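Read-outs throughout are calculated quantities, based only on the coordinates presented, and are distinct from any laboratory measurement. Since we're looking at a predicted model, the values are computed, not measured. Note: ideal-geometry Cβ built from the backbone for every residue, glycine included; neighbour counts use all protein chains shown.
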Ligand code: AMP
């Protein structure tokens, strides 16, 4: 990896300002539903503490849009983090200002404080330089461990590095960069991509970028139907983006010219409505008023054929409406199959990651990304602003 990490800097006695992703789901009693993101940041936090740093953590939570929202305070996060670390994490009521500066100036080596939700200030998402400067003034070393927001140029992810010379990746961030870089620049082959999810429009740039890198792309989910339609086939009332039919056709032609195999579903689980109590059946041709909600068993077999010898697999987007369990079979069959392969398996964040964790297969994959949007932009070949600004090795 060509970026410096927290291991490349001396932390002893330094104020280490760490951008983490504590954007955790809270229930209506403001209790944390899933603390995976807090756990994910522990290695970096522990390392900074163990090496004598004075740790200042900052994060956003939800979308308060520049106002203080009581339901979006980071207080429950500080409590959970204290439990997980077995030491007190002091939570402040703001992320900038005189009181914050005072507390920070009194910190001792190994202390940990958590600043209040960055997005209580509209300047955070606007990447306001004055706000970034105020955040930067709190630390001496900047560490970004929040891959999930690295595709956004915000004050705490991008602007801040103009005022803090030392800017490095935390362990979580470094791991994300390593896996994606390897897959996109020097992947062991055959390299197969699995793409699904609701919309073609979200994945066009991913397909374009991957066409120069992969041996095959397997397409399922709602996005498959625009491709199937582009071949002149019937898709009933399945998900369709009419204005993307031509693009889908062009992508198929480009793939052919580049020698990349695109595999579309050849059979489907169809349903008369999106509901657990619907009528369903498996077909090869979708009749009117029925919609494809999952790939069918023959498609699963076709996908397996392509995946069997793969050495690198990247997957972004579920292959059916997996939130309804009777439409989750195709996604689950493919997940179980790749879990048993001797290949590097990289799972994009968001829905694909939740599907994998629902099937209990989290530990069977090589890497599950913590960033939905960020991983998608990586696969599009974009430079993520929050990564670009980190110090080069
Ligand atoms: P995305 O956010 O683009 O990755 O899309 C994820 C969503 O795609 C999930 O909520 C799935 O329910 C949905 N999805 C998957 N397959 C289909 C399908 N055949 N028809 C409609 N939506 C789908």
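Could you tell me how many degrees, from 0 to 90 and to the nearest 10, lie between the Cα long axis of helix 245-258 and the main elongation axis, the longest principal axis, of the Cα atoms of the chain? Compared with the principal axis, the helix lies near 90 degrees.
Comparing 81, 319, 17 in a Gaussian network model of the chain where C-alpha atoms under 10 Å apart are linked, the largest mean-square fluctuation is found at 81. Please check which bits of region 199-233 a label hung off residue 284 would reach, taking the label as a point 7 Å along Cα-to-C-beta and the cut-off as backbone N under 18 Å. Flagged as within label range: 228-229, 231-233. Considering only beta bridges that DSSP places wholly inside the chain, some 20 percent are antiparallel.
If you stretched the chain out fully between residue 126 and residue 363, how much longer would it get, using 0.36 nm times the residue separation minus the C-alpha to C-alpha distance?
Details: separation 237, 0.36 × 237 = 85.32 nm, distance 3.73 nm.
In short, 81.6 nm is gained.
Counting only C-alpha contacts under 8 Å and six or more residues apart, can you give the relative contact order of region 6-175 as a whole percent? List each step's numbers first, then the result.
Working: 338 pairs, mean separation 48.8, N = 170.
After rounding, I find 29 percent.
Relative to the longest principal axis of the Cα atoms of the chain, helix 329-339 runs at roughly 60 degrees.
Thinking of region 17-70 as a set of Cα atoms, what percent of all their pairs are more than 14 Å apart?
Values: 875 of 1431 pairs.
Cα-Cα pairs in region 17-70 separated by more than 14 Å: 61 percent.
Largest mean-square fluctuation among 172, 57, 26, in a Gaussian network model of the chain whose springs join Cα atoms under 10 Å apart, belongs to 26. Sorting 355-361, 112-118 by average packing, meaning the other beta carbons within 10 Å per residue, from highest down gives 112-118, 355-361. For the pair residue 83 and residue 231, how long in nm is the line joining their label points, each one 7 Å along Cα→Cβ? Simple spin-label model gives 5.1 nm for this pair. Scaled against 2.2 N^0.38 Å for its residue count N, the alpha carbon radius of gyration of the chain is 1.07. Hydrodynamic radius of region 1-159 by the Kirkwood approach over all distinct alpha-carbon pairs: 15.6 Å. A simple spin-label model places pseudo-atoms 7 Å from Cα toward Cβ; at residue 339 and residue 10 they are separated by 4.8 nm. If every alpha-carbon in region 187-379 counts as one equal scatterer, what log10 I(q)/I(0) does Debye give at q = 0.15 1/Å? Cα-only, vacuum Debye calculation for region 187-379: -0.83.
Springs join every pair of Cα atoms under 10 Å in this Gaussian network model of the chain, and among 199, 14, 182 the largest mean-square fluctuation is at 182.
Taking the C-alpha atoms only, the angle from helix 36-50 to the longest principal axis of the chain is near 40 degrees. Taking every alpha-carbon pair under 8 Å whose residues sit at least 6 apart, the chain reaches a relative contact order of 16 percent. Mean separation of Cα pairs under 8 Å and 6 or more residues apart, divided by the residue count, gives region 233-340 a relative contact order of 26 percent.
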